[in-house]
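The values are calculated or read from the model by the stated rules, or taken from the named source; none is laboratory data. These numbers were taken from a predicted model, which means no experiment stands behind them. Because the Cβ atoms are built from the backbone with ideal geometry, glycine has one as well, and the counts that use them run over all protein chains shown. Surface accessibility is based on the protein's heavy atoms, side chains included, excluding ligands, DNA and RNA. Shrake-Rupley method; radii C 1.70, N 1.55, O 1.52, S 1.80 Å.
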Amino acid sequence: MTLSTGSPPFANRRRGLFVFLAVAYVGMWAAMSPLLASGYRRGDAREETGALEQVCIAAAMLAPALAAILVVRRVERSGRIRDTLALRWTKPWGRAARECLTAFVVPAGLTTAALVIGTFAGRYPFGGVHWNGLGAWAAGAVLNMLVSLPLFFGEELGWQGYLFPRLARDGGRRRLIRAYVVTGAAFALWHLPTLLMGGQYPGRPWYVSVPAMLVSCVLILPVFTWLRLRSGSVVPAVIGHAFVSSVSVGMVKEFADPQATLDPLHMGMAGWPGWTVTGAFVAFLTLTGRLQPSFYKDRTISHQRRSANCEPATGE
C-alpha cells in the first residue's frame, strides 16, 4: 500500500506544501477573526459554544480540505482528488465496517483509560456512572458526532489526505519520524487562534496552552495516521478525530461531579492522563511496525498471494 497515487515533480511538491500550509493557516485566522475582534474568551470548560462560535469553527475546519483540493488541482495537478487524498471507502464492505468500528472503539478505550488514570491520581472529579440516562446520553453523543463528520473531513483531508503523505512519501525511518512530528506540529499550531481564546484550555495562558496542544497533537496524530494506513482511506481517521474532539470531551463532562471545576490540562485526552495512555499506545504501534506504510503494503501482498493460491484451477 502506498500513501498516494501520484508523485508530482519535486518543485511542484515543495510549492504545493507551502501553498497548502498558507491557505490552511490563513483560512483558520480569517474564520476566527470575528471572535478575535470581539475579544471572545472561553473561561470555563463547561461553557457551551454560541451560534457565532459554531459558525466560525465550522468555517475554520473546512480550510485544510480546501487548501488540499486547491493544491492537488492547481499546483501539483497530481491526479483525481479522491485517489490523491484517499477519499474512498475500504473494500470489501465488511472490512470497511470493521475499520470504522476500530476508529470508534480505540479512542473510546483511550479516553476511558485516561479518565481512570486521572481519577486514581486525584485530578479527575469522578462523579459516578448514571446508568439510567447513560444510553440516552451515548446515543445523543454519537448522533452529534455523526452530524459533525463533514467538518472533520475538512480537517483530515488536509492533514492525513495531503500533508502527511507528502512529507512521508513512503520514505525511510527518519523521513517517517519527521513526517509524524512536522504534521503533528502543523496540526497543533493551526489551532493557535482558538488557543489564544482559551478554546481547548480555558483559563490557561498561551504559553501553557500552546505547548500542551503541541504535545496532544504530536501524540494523537500517529493514531489517526494508523487508522488511515491500515484502511487505505481517510474515513477512519475522520471518525477517530471526530470522536476525540466531540464524544471524548463529552465523556469528561458526563462522568465528572457536576459541581466540580474541569481542567482539561489534568483530565481527558487533552491533558497529561491522555498523553500517558496515547503515548503508550503509540509506542506499541511503533514497536510492532504499524506506523510504517510498508507494514500494510507487505500484508496486502501476502494476502493477495494467499488468495491466488486458494483459487481453483481452471482449464481452457
(message) Please list 3J(HN,Hα) in residue order for segment 176-189, calculated via the Karplus relation 6.51 cos²θ - 1.76 cosθ + 1.60 where θ = phi - 60°; whole Hz, with x for glycine and proline.
(response) 5, 4, 4, 5, 5, 5, 5, 5, x, 5, 5, 4, 5, 5
(request) Tabulate in residue order the Karplus-calculated ³J(HN,Hα) for segment 147-159, using 6.51 cos²θ - 1.76 cosθ + 1.60 with θ = phi - 60°, rounded to whole Hz; enter x for Gly and Pro. (result) 5, 8, 3, x, 5, 6, 4, x, 7, 6, 5, x, 6
(request) Would you please calculate the Kirkwood hydrodynamic radius of the chain over all C-alpha pairs and express it in Å, rounded to one decimal? (result) 20.6 Å
(request) May I ask you to list the residues of segment 105-130 whose amide nitrogen lies under 12 Å from a point 7 Å from Cα along the Cα→beta-carbon direction of residue 287? (result) none
(request) Determine the order of 33, 78 by accessible area, beginning with the largest, at a probe radius of 1.4 Å. (result) 33, 78
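Ordering 91, 297, 253 from largest to smallest accessible area (1.4 angstrom probe), what's the sequence?
Output order, biggest surface exposure first: 91, 297, 253.
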(message) Using the Kirkwood formula on the Cα atoms of segment 172-311, what hydrodynamic radius do you get, in angstrom to one decimal?
(response) 16.8 Å
(request) Would you please give the residues with an amide H less than 5 Å from that of residue 126, counting only those at least 5 places away or on a separate chain, with H modeled from the backbone geometry? (result) 257
(message) What FRET efficiency comes out for residue 170 versus residue 55 if R0 is 35 angstrom and r is the Cβ-Cβ distance? Round to the nearest 0.05.
(response) 0.35
(message) Give me log10 I(q)/I(0) at q = 0.11, 0.12, 0.22, 0.28 Å⁻¹ for segment 49-123, Debye formula, one equal scatterer per alpha-carbon, no solvent.
(response) -0.60, -0.69, -0.96, -1.06
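Calculate, for segment 4-95, the solvent-accessible area per residue in square angstrom, rolling a 1.4 angstrom probe over the heavy atoms of the protein chains.
So segment 4-95 comes to 57 Å² accessible per residue, rounded to a whole number.
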(message) Using only alpha-carbon positions, what ratio does the radius of gyration of segment 232-302 give when scaled by 2.2 N^0.38 Å?
(response) 1.47
(request) Report the FRET efficiency, 1/(1 + (r/R0)^6), for residue 73 and residue 131, where r is their Cβ-Cβ distance and R0 is 51 Å, rounded to 0.05. (result) 0.50
(request) Assuming 1.002 mPa s and 20 °C, estimate D for segment 120-165 with Stokes-Einstein, Rh taken as the Kirkwood radius over Cα pairs, in µm²/s. (result) 156 µm²/s
(message) Starting from a Cα-only point model with no solvent, please compute log10 I(q)/I(0) by Debye for segment 138-212 at q = 0.15, 0.16, 0.22 1/Å.
(response) -0.72, -0.78, -0.98
